[in-house]
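Report on one structure; see the data block that follows.
All of the numbers you see were taken from the coordinates with simple rules; none came from a lab. Note that the coordinates shown come from a computational prediction; the quantities given were computed from them, not determined experimentally. Positions of Cβ are generated from backbone atoms using ideal geometry, with glycine treated the same way; all protein chains shown enter the neighbour counts.
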Amino acid sequence: MTHNKISAPPHIAITTGEPAGIGVEVSLRAALQWHQAGHTDDAPLLFISDISVLRQTAADMGLTMFFTENPAPSSSPLDAPTFRVCHVPLHQPVQAGVLNVANAPYVLQLLDEAIAGIQRGDYAAMVTAPVQKSIINESPNVHEKFMGHTEYLAAQTNTKQVVMMLAGGGLRVALATTHLPLAEVPAAITAGSLRTTIEVILKDLTHKFGIAKPRLLVTGLNPHAGEGGHMGREEIDVIVPVLASFVQAGYDVRGPYPADTLFQPRYLNDADAVLAMYHDQGLPVLKYASFGHGINITLGLPIIRTSVDHGTALDLAGQYVADAGSMFAAIQAAHDMMISQKNSTKM
Ligand SMILES: NC(=O)c1ccc[n+]([C@@H]2O[C@H](COP(=O)([O-])OP(=O)(O)OC[C@H]3O[C@@H](n4cnc5c(N)ncnc54)[C@H](O)[C@@H]3O)[C@@H](O)[C@H]2O)c1
Ligand SMILES: N[C@H](C(=O)O)[C@H](O)COP(=O)(O)O
């Protein structure tokens, strides 16, 4: 891995994710679009990736893009889209659509470099292309269970509790639990964890999204929010008391609402975000509303991290037909969060 001291302004770092998936191609397309939108001075992009893969993929896609490990663009024509790269070499050559366990540590190296670069002050934010969680867990060289970026970034930055939030189609949906087997969800929703989750959401909606007094709607866990205890007691025993404590403290936190009927304008028009209890309670709604243009944000981290709303799409890899809209939206969101955070620290 090669480091070049990056001069101001700090770059937004893109990690290109699983090399056999669509991560590199959507990163390239979105970066080119970002460059063409004129963001070369206020929020330039930098790739954390294997530079040969970037060059080869751009050539295969017919994109005119140049890549340099050096601070000054070397061989590109004046004004041509030139991107800095923190070169991390692949462990083995890639075949599109075919996972290779030998490259799993490479995927984590991209993330480690992004975190370290932000901590060095070289990067202002990280935007992650999708990874394949299964192949990372199959690697004999990866010793910790890998649940997702969200959990990995929390661990690597020593953050006790983070919150996954996806946004798109006019919705923001945060999750009380992330990549957990469904059978483990009820036990994971404790008064303590729910309280911290809500605190993290309210704080970041203010500091990273510029919402002075966030309005949060909270789902129940069980069908019909437990039907008065006849279909589960988590609402009565855990969720209601936690929400009441926020209301008492003056926060606009409402619920628990039955999840099946909460996602309608009547409720959503009067809210900034919804907190769902588990992954497949909230995300299908969000992805139905915005797949291809939605984003994923990790709240509660000491760094800014955004990502796409889709996975590695191994079935599309190498065809260069994948929609880069979500990657572009993730870059835009990282940029907007940088500005909100700067403004909120000035206040
Ligand atoms: N941010 C991330 O790292 C992230 C997010 C979601 C899923 N994943 C991982 O990706 C892997 C595959 O997950 P999956 O199959 O459930 O979801 P997926 O998003 O990869 O694919 C679901 C469907 O959507 C299509 N699709 C996905 N992205 C697209 C795009 N940009 N343009 C056009 N079509 C697109 C695919 O071809 C497929 O038909 C899993 O390992 C999963 O954990 C990672
Ligand atoms: N839960 C996310 C989704 O469905 O889009 C996805 O798996 C990515 O999660 P991480 O950002 O934690 O990798």
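Among the residues of region 29-63, count how many are touching a His at 6+ places or on another chain (Cβ under 8 Å) and farther than 15 Å from residue 10 by Cβ.
Matching residues across region 29-63 total 3.
Go through region 309-347 and give me each residue that's among the hydrophobic types (A, V, I, L, M, F, W, C), part of a loop (DSSP other than H, G, I, E, B) and either touching a Cys at 6+ places or on another chain (Cβ under 6 Å) or within 10 Å of ligand 1 (Cβ to nearest atom) (or both).
Of everything in region 309-347, those that are among the hydrophobic types (A, V, I, L, M, F, W, C), part of a loop (DSSP other than H, G, I, E, B) and either touching a Cys at 6+ places or on another chain (Cβ under 6 Å) or within 10 Å of ligand 1 (Cβ to nearest atom) (or both) turn out to be 313, 314, 316, 317, 321, 322, 324.
Could you please let me know if residue 306 is in contact with a helix residue (DSSP H, G or I) (Cβ under 9 Å, 6 or more places away or on another chain) and part of a strand (DSSP E or B)?
So residue 306 passes the test.
Is region 64-73 home to any residue that is more than 30 Å from residue 269 (Cα to Cα), among the small types (Gly, Ala, Ser) and outside any loop (DSSP other than H, G, I, E, B)?
Taking every residue of region 64-73 in turn, none turns out to be more than 30 Å from residue 269 (Cα to Cα), among the small types (Gly, Ala, Ser) and outside any loop (DSSP other than H, G, I, E, B).
Among the residues of region 297-321, how many are more than 30 Å from residue 196 (Cα to Cα), buried (at least 21 other Cβ atoms within 10 Å of the Cβ) and more than 13 Å from ligand 2 (Cβ to nearest atom)?
The number of residues fulfilling the criteria is 1.
For region 153-168, check the following and say yes or no: at least one residue is buried (at least 19 other Cβ atoms within 10 Å of the Cβ), over 18 Å from residue 327 (Cα atoms), within 13 Å of ligand 1 (Cβ to nearest atom) and free of Cβ contacts under 8 Å to residues at least 60 places away in the same chain.
no
Residues being within 11 Å of ligand 2 (Cβ to nearest atom), in a loop (DSSP other than H, G, I, E, B) and either more than 25 Å from residue 288 (Cβ to Cβ) or not polar (S, T, N, Q) (or both): count how many of those fall in region 145-179.
5
Limited to region 6-48, what total is found for residues that are at positive phi and either within 15 Å of ligand 1 (Cβ to nearest atom) or β-branched (Val, Ile, Thr) (or both)?
Here the count works out to 1.
Within region 20-47, which residues are more than 16 Å from ligand 2 (Cβ to nearest atom) and under 25 Å from residue 98 (Cα atoms)?
Hits for region 20-47 are 20, 24, 25, 28, 29, 30, 31, 47.
Are any residues in region 289-303 in a loop (DSSP other than H, G, I, E, B) and either out of contact with any helix residue (DSSP H, G or I) (no Cβ under 7 Å at 6 or more places or on another chain) or more than 7 Å from ligand 1 (Cβ to nearest atom) (or both), and if so, which ones?
Correct list: 291, 293, 294, 300, 301, 302, 303.
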